[in-house]
1. Which one of the conditions (1) free of Cβ contacts under 8 Å to residues at least 40 places away in the same chain; (2) assigned to a strand (DSSP E or B) does LEU500 fail to meet, given that it meets all the rest?
2. Residues of region 414-469 being surrounded by fewer than 20 Cβ atoms within 10 Å (Cβ to Cβ), part of a helix (DSSP H, G or I) and among the β-branched types (Val, Ile, Thr), which ones?
3. Only one of SER520, SER506 is among the small types (Gly, Ala, Ser), within 16 Å of the ligand (Cβ to nearest atom) and touching a helix residue (DSSP H, G or I) at 6+ places or on another chain (Cβ under 9 Å); which?
4. Only residues in region 354-376 that are farther than 18 Å from ASN288 by Cα count as the first member; pair them with residues that are in a strand (DSSP E or B) and within 11 Å of the ligand (Cβ to nearest atom), Cβ under 9 angstrom, at least 6 apart or cross-chain, and list the lot.
5. Has region 49-71 got at least one residue that is farther than 25 Å from HIS401 by Cα, under 26 Å from the mean Cα position of the chain (by Cα) and outside any strand (DSSP E or B)?
6. Would you mind stating whether SER529 is among the polar types (S, T, N, Q), touching a strand residue (DSSP E or B) at 6+ places or on another chain (Cβ under 8 Å) and in a helix (DSSP H, G or I)?
7. For region 455-466, what are the residues that are more than 15 Å from the ligand (Cβ to nearest atom) and in contact with a strand residue (DSSP E or B) (Cβ under 6 Å, 6 or more places away or on another chain)?
8. What number of residues in region 148-188 are within 21 Å of the chain's Cα centre (by Cα), under 20 Å from ILE110 (Cα atoms) and of a type in the set (Asp, Glu)?
Amino acid sequence: MKYIKIMILAILMIASSVVMLFAKDKVLTQIRLDELGASPCYIQDWGSPQVNQSVLGTPLTVNGVVYKHGLGAHSISRILLDLNGEAKSVSGLAGADDNNMYAGKLQFKIIGDRKLLWSSGVMRKGDAVRKFNVSLFGIKKVLFLVEECGDGIMYDHADWLDVSIVTSGKVVPIPVWPKSVIKNKYILTPKASEAPKINNSLVYGERPDKPFLWGIMASGDRPMSFKAIGLPTGLSMDPSTGFIRGKVEQEGDYKVVLIASNSKGTDKKEVLMKIGDKIALTPPMGWNSWNCWGLTVDDQKVREAARMMHDKLYAYGWNYVNIDDGWEAAQRSSDGEILSNEKFPNFKELTDYIHSQGLKFGIYSSPGRTTCGGHLGSYQHELADARTWEHWGVDYLKYDHCSYSEIQENAEEKTIQAPYIVMRDALNKVNRDIVFCVGYGAPDVWNWGKAAGGNQWRTTRDITDEWNVVTAIGCFQDVCASATAPGSYNDPDMLVIGKLGKGWGSRMHDSYLTPDEQYSHISLWSLLSAPMLIGCDLGDMDDFTLNLLTNSEVIAIDQDPLVSPAHKILTKEGQIWYKKLYDGSYAVGFFNVDPYFVLWNQEEAQKVQEAQYRFAIDMKILGLQGKVKVRDLWRQKDLGIYDSVFRTQVPYHGVTFVKITPLNK
Ligand code: GAL
């Protein structure tokens, strides 16, 4: 018996050492990052990572050297791989791709199980590649991260080159996002009162002798009647619509009392009409066709948008109906006049209709030979086009750089600015006030957009309805915030809420942003004094979308006449943004941006999304002393009187948006 036991023990010992030997000798292989393909798990804020080519589809090239293998990513991007603890090391190179017109600063990082393993340090286009070779011993998950470096330039093309992982196991791409916990589209704002409430901005600017079109914008039951006391000579108001039209000859500041009455009551509001050299004294609010209809926009769709704006949104301050690209005919007339295509049979009639609804009309073009969508641009026809638009009754122009880069290749500020000055001069020669939007987010445009005569300038590339894109765009706007002033706005692009097109113009879908993300989006844009251009199909808005767009207290933050720059504070749980308001109050937004953007375990997903994130602000930061009143803007509800610190909890990717008013001013 004893011998049998000893024999069994010996057999077991031999067997286990064989297993160990086997384990020790597990074959190590090299797996290249590009061999894993372009996984849908990878996330970046523009385009998608490309295998063996740059994000633009050109050969991977850094500092003049072409590489065969790698991933062409973007900044910001996140690539998370499951190594199952079986990898030994990773080596490779990282660098900014040469093929990039608007490059800024970026940084590559490799993170293993939440610990930083390697960082490239700040890099730029033209720098030589930086090498890495780091141990992955015991690491379960590795993250290849590319970050912005705070210069506000978000066009960086980030190449991971010849990346090779030595492992005895598998390497599997895994998602960095939690699977979204489906939350109802919950409505925070109480229904507007049946009695009239005038929602006009407190200040409005036009130039002398230009066609004037504004009106009393009031929510409440219809029928409603309107009056205005103190209108400057030259203007008159239609008492049944509240539309104010005419021309004012005399420059000056006019205090006008607007009055709206219905069977439930009367509301009065004093506003300042400034007839001088400035227009758009508060950020333009309206609709743009691009994010729902793309190039398929047509006359009917625009009329429908105008009808909806008039019926549902005008009462809250929305009044621009803007056609983006896709209206232009393929050829000019024989005398060089720009024409509309068959989708717009008669522009003059369309604009007359839009104006008859008390609304303003916007159009789109490019300083290049063609627009971004490949239609005719205004190159060498600037004055002629401005005159055509004057005749049609255009009130707003979005002017997108695009193919001008074929005319002038260098990307110097002055070169990009030049054609905008040409168009501004042309617009100044016509007898209309035309808001001028310097399009297509050239880097640092906020340094020269105003001097080019812009009323607003796109500070970013195109937005999409994904949280990583909305935050990548929105959260860096502090870099340019100081350029904001009455009549001059940073434009972080359109509002991606409601029903949008996928690839703009097709496959209509509900915004991919969660309800909390949509509350955050509108709150942040209001804090930024951003032009508010709705991107969705106005004919198909649900109650939630309407609620987002018709909260007069939130809109009043965007339209605050001080147009004071917004400031950002980073906290453990997210970001706090604040701006000063004309009455000495502050608007403050507490945002849970993305502390768990990289989910190391999908099991955490539910927990993370259902958590509440804690924020606090000390009134000293706002320069306030003594007691303050805090009001929740989305709920339109007073939260109470606070002494020095206000605390709040915020849902995942959500916001608490408040107005803080000192009691002793
Ligand atoms: C893009 C622009 C979009 C849209 C499009 C039209 O460059 O950023 O907002 O206007 O052109 O082609």
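Only the coordinates and a few stated rules stand behind these numbers; no lab work does. Predicted model only: the values in this text are computed from it and were never measured. Every residue, glycine among them, receives a Cβ derived from its backbone with ideal geometry; neighbour counts consider all protein chains shown.
1. All conditions pass for LEU500, except number (1).
2. Those that are surrounded by fewer than 20 Cβ atoms within 10 Å (Cβ to Cβ), part of a helix (DSSP H, G or I) and among the β-branched types (Val, Ile, Thr): THR415, ILE421, VAL422.
3. SER506
4. PRO367/TYR399; LEU376/GLU328; LEU376/SER365; LEU376/THR370
5. Yes.
6. No: the conditions fail for SER529.
7. ASN455, the sole residue that qualifies.
8. 2
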